[in-house]
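One structure below.
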Amino acid sequence: MEQISDKVQKGTTTVGIVCKEGIVLAADKRASAGYMIANKDVDKIHKITDEIAVTMAGLVSDAQLIVKLARAELRLKKIRNRKISSVKEAANMVAGILYQNIRKFSTVPGIVSFLLAGKDRHGFGLYELGVDGSLSHISRFCSTGSGSMMAYGVLESSYQEGMLVKDGIDVAMKCINAAMQRDMATGEGVDVFVINAEGARKVVGKKVVSELK
């Protein structure tokens, strides 16, 4: 089935990799506005709970607002239901926000997609959330954004079933590096998050300096 997300190119590269003892998320740090680099130090991976993190690609204002809404909704659910939402429940909730977001009439369409990864009592989960509110469970790996074609080339050749998180980090960084070499909208560095038994945390934050001295 053809999805809207297949037709939309987001100016970024994000990667999600399922490993033996957790999930690796990676993203570049460049924000683009057409042919202009608008920001060279953007955080594209955000924690929405202590155990769940998302990568974002698309319109920055909508992405930031949806991350804030997701955090607030999950806190409210925890208070009301007196239990922590599962990763699948969190993914469904964010997908619902995206579904409503893109269907609102606006002169500026809210085109945003996410990779959501987390840990709950059932184990680890990775989901792709499309700009149209679609929800896909990922069992191996996924990449979104304008540099995803380059990233998929690395993923297809380097991914191994049951690989360790430390190996997943290496593959994720190679994916972002490959995208930075060929995709104009990807660059400036890489951030890597790991979701494992200890929760979601940032493990790599590297910037690329391209100034002449």
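The values are calculated or read from the model by the stated rules, or taken from the named source; none is laboratory data. Note that the coordinates shown come from a computational prediction; the quantities given were computed from them, not determined experimentally. Cβ coordinates were reconstructed from backbone atoms using ideal geometry, including for glycine residues, and neighbour counts include every protein chain displayed.
So, of the residues in segment 20-33 that are more than 11 Å from Thr186 (Cα to Cα) and crowded, with 24+ Cβ neighbours inside 10 Å, which turns out to be farthest from the chain's Cα centre (by Cα)?
Taking segment 20-33 and keeping what is more than 11 Å from Thr186 (Cα to Cα), we get 20-26, 33.
Narrowing the set further to residues that are crowded, with 24+ Cβ neighbours inside 10 Å leaves 23-26.
Details: Ile23: 12, Val24: 10, Leu25: 7, Ala26: 7 Å.
In this case the residue turns out to be Ile23.
Condition check ((1) closer than 22 Å to Leu116 by Cβ; (2) of a type in the set (A, V, I, L, M, F, W, C); (3) out of contact with any Phe, Trp or Tyr (no Cβ under 9 Å at 6 or more places or on another chain)) across all residues:
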| site | (1), (2), (3) |
| --- | --- |
| Val154 | yes, yes, yes |
| Gly189 | no, no, yes |
| Phe193 | yes, yes, yes |
| Arg201 | yes, no, no |
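Only one residue in Ser113, Ser146 is assigned to a strand (DSSP E or B), touching a residue at least 24 places away in the same chain (Cβ under 8 Å) and among the polar types (S, T, N, Q), so which one is that? Break it down into steps so the answer makes sense when it comes.
Working: Ser146 fails: assigned to a strand (DSSP E or B).
After applying the criteria, what remains is Ser113.
Applying the selection to segment 164-178, what residues are touching a residue at least 40 places away in the same chain (Cβ under 8 Å) and either in a helix (DSSP H, G or I) or buried (at least 18 other Cβ atoms within 10 Å of the Cβ) (or both)? First the steps, then the outcome.
Of the residues in segment 164-178, the ones touching a residue at least 40 places away in the same chain (Cβ under 8 Å) are 164-165, 167-169, 171-173, 175-176.
The answer is Val165, Asp167, Gly168, Ile169, Val171, Ala172, Met173, Cys175, Ile176.
Mind telling me which of the residues Ser158, Ser143, Ser148 ends up being touching a helix residue (DSSP H, G or I) at 6+ places or on another chain (Cβ under 7 Å), closer than 28 Å to Gln181 by Cβ, buried (at least 21 other Cβ atoms within 10 Å of the Cβ) and among the polar types (S, T, N, Q)?
Numbers: Ser158 fails: buried (at least 21 other Cβ atoms within 10 Å of the Cβ); Ser148 fails: touching a helix residue (DSSP H, G or I) at 6+ places or on another chain (Cβ under 7 Å).
The conditions single out Ser143.
Out of Met93, Met56, Met36, report the one residue that is under 30 Å from Val208 (Cβ atoms) and surrounded by fewer than 22 Cβ atoms within 10 Å (Cβ to Cβ).
On the way: Met93 fails: under 30 Å from Val208 (Cβ atoms); Met56 fails: surrounded by fewer than 22 Cβ atoms within 10 Å (Cβ to Cβ).
Going through Met93, Met56, Met36 in turn, the sole match is Met36.
Out of Ala53, Ala38, Ala63, Ala57, which single residue is of a type in the set (A, V, I, L, M, F, W, C) and modelled with pLDDT of 95 or more?
Ala53
Residue by residue through segment 179-198, note down the ones that are closer than 17 Å to Gly125 by Cβ, in contact (Cβ under 8 Å) with a residue 40 or more places away in the chain and of a type outside the set (Phe, Trp, Tyr). Lay out the reasoning, then the answer.
So the first thing to find is which residues in segment 179-198 are closer than 17 Å to Gly125 by Cβ, and the list is 193-198.
Now narrow it down to the ones that are in contact (Cβ under 8 Å) with a residue 40 or more places away in the chain: 193-197.
Answer for segment 179-198, where residues must be closer than 17 Å to Gly125 by Cβ, in contact (Cβ under 8 Å) with a residue 40 or more places away in the chain and of a type outside the set (Phe, Trp, Tyr): Val194, Ile195, Asn196, Ala197.
Is it the case that segment 184-196 has a residue that's closer than 14 Å to Ala53 by Cβ, out of contact with any helix residue (DSSP H, G or I) (no Cβ under 7 Å at 6 or more places or on another chain) and of a type outside the set (Asp, Glu)? Explain how you work it out, then say what you get.
In the first step, residues of segment 184-196 are kept if they are closer than 14 Å to Ala53 by Cβ; the result is 191-196.
Those left that are additionally out of contact with any helix residue (DSSP H, G or I) (no Cβ under 7 Å at 6 or more places or on another chain): 191, 193, 195.
Next, from what is left, pick out any that are of a type outside the set (Asp, Glu): 193, 195.
Among the residues of segment 184-196, at least one is closer than 14 Å to Ala53 by Cβ, out of contact with any helix residue (DSSP H, G or I) (no Cβ under 7 Å at 6 or more places or on another chain) and of a type outside the set (Asp, Glu), which makes the answer yes.
Identify, by number, the condition in (1) part of a helix (DSSP H, G or I); (2) in contact with a helix residue (DSSP H, G or I) (Cβ under 6 Å, 6 or more places away or on another chain); (3) over 23 Å from Gly147 (Cβ atoms) that Ile79 doesn't meet.
(2) is the only condition that Ile79 fails.
How many residues does segment 22-47 contain that are part of a loop (DSSP other than H, G, I, E, B) and of a type in the set (Asp, Glu)?
Initially, segment 22-47 is screened for residues part of a loop (DSSP other than H, G, I, E, B), giving 29-30, 34-35, 40-44.
Filter once more, so that each one left must be of a type in the set (Asp, Glu): 41, 43.
Count: 2.
Residues in segment 193-209: is at least one closer than 22 Å to Glu89 by Cα, small (Gly, Ala, Ser) and assigned to a strand (DSSP E or B)?
Yes, there is a match, as at least one residue in segment 193-209 is closer than 22 Å to Glu89 by Cα, small (Gly, Ala, Ser) and assigned to a strand (DSSP E or B).
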